[in-house]
1. For residue 58, state whether it is assigned to a strand (DSSP E or B) and touching a helix residue (DSSP H, G or I) at 6+ places or on another chain (Cβ under 7 Å).
2. Going by the structure shown, is residue 61 more than 24 Å from residue 197 (Cβ to Cβ), at pLDDT 90 or above and surrounded by 16 or more Cβ atoms within 10 Å (Cβ to Cβ)?
3. Name the residue, out of 66, 38, that is assigned to a strand (DSSP E or B) and either surrounded by 11 or more Cβ atoms within 10 Å (Cβ to Cβ) or over 19 Å from the mean Cα position of the chain (by Cα) (or both).
4. In this structure, does residue 146 turn out to be touching a residue at least 60 places away in the same chain (Cβ under 8 Å), surrounded by 16 or more Cβ atoms within 10 Å (Cβ to Cβ) and touching a strand residue (DSSP E or B) at 6+ places or on another chain (Cβ under 9 Å)?
5. Taking into account only those residues within segment 164-198 that are under 20 Å from residue 82 (Cβ atoms) and in contact with a helix residue (DSSP H, G or I) (Cβ under 7 Å, 6 or more places away or on another chain), which is surrounded by the fewest Cβ atoms within 10 Å (Cβ to Cβ)?
6. Test of understanding: among 180, 191, which residue is within 27 Å of residue 48 (Cα to Cα), more than 10 Å from the chain's Cα centre (by Cα), part of a helix (DSSP H, G or I) and modelled with pLDDT of 90 or more?
7. Are there any pairs with C-beta distances below 9 angstrom linking a residue in segment 175-198 that is farther than 16 Å from residue 47 by Cβ to a residue that is part of a helix (DSSP H, G or I) and at pLDDT 95 or above, with the two at least 6 apart or on different chains, and if so which?
8. Output the residue which, of all residues in segment 72-101 that are touching a strand residue (DSSP E or B) at 6+ places or on another chain (Cβ under 8 Å), part of a loop (DSSP other than H, G, I, E, B) and modelled with pLDDT under 90, is farthest from residue 178 (Cα to Cα).
């Protein structure tokens, strides 16, 4: 009987020691957040010349649709179907210096609307007196900014064109950065190849 008690005490002690010494296996370190790889096509351009009051070179990976509006303006969509993105253009006829000033002020107000979501906004001035082109670009940085790139161009007398980059889905500009950079390069090529029609 004594012997069974000792064996029982030894078994219980070993079981208790084993239970106390066993620690759960630590969880692996979490992996840093990543995004899917986006394969971007090589930049290639073609000149477009339609009923618009200007010509320019746009990406061969984009399609253009034109929608005349009743207020003597044009809506132009340069759409990238593979990216779910589009530059939406509006072309206005400038009636006088006051209407031009109002259009420029309106552009600044539209950019300021994005300040609540933006981390930073960078402006660049466009000036080519020989081609009668003046304007401004706006690069709007921030994870949830709806329009990361905008610009406007004018001949300062008769015509004013504005364009804004939009995506067809809720933005996450951290993951979209390669696409945004790609589309900004296309936009800058369009601006640099831009010419007013006589």
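The values are calculated or read from the model by the stated rules, or taken from the named source; none is laboratory data. This one's a predicted model, so the numbers in the text were calculated from it and none came from an experiment. All Cβ positions, even for glycine, are placed from backbone atoms using ideal geometry, and neighbour counts span all protein chains on display.
1. For residue 58, the condition - assigned to a strand (DSSP E or B) and touching a helix residue (DSSP H, G or I) at 6+ places or on another chain (Cβ under 7 Å) - is met.
2. In short, yes.
3. That would be 66, the only listed residue that is assigned to a strand (DSSP E or B) and either surrounded by 11 or more Cβ atoms within 10 Å (Cβ to Cβ) or over 19 Å from the mean Cα position of the chain (by Cα) (or both).
4. no
5. It comes out as 173.
6. Going through 180, 191 in turn, just one is within 27 Å of residue 48 (Cα to Cα), more than 10 Å from the chain's Cα centre (by Cα), part of a helix (DSSP H, G or I) and modelled with pLDDT of 90 or more: 191.
7. That search, which allows pairs on different chains as well, returns nothing.
8. Filtering first and then ranking leaves 72.
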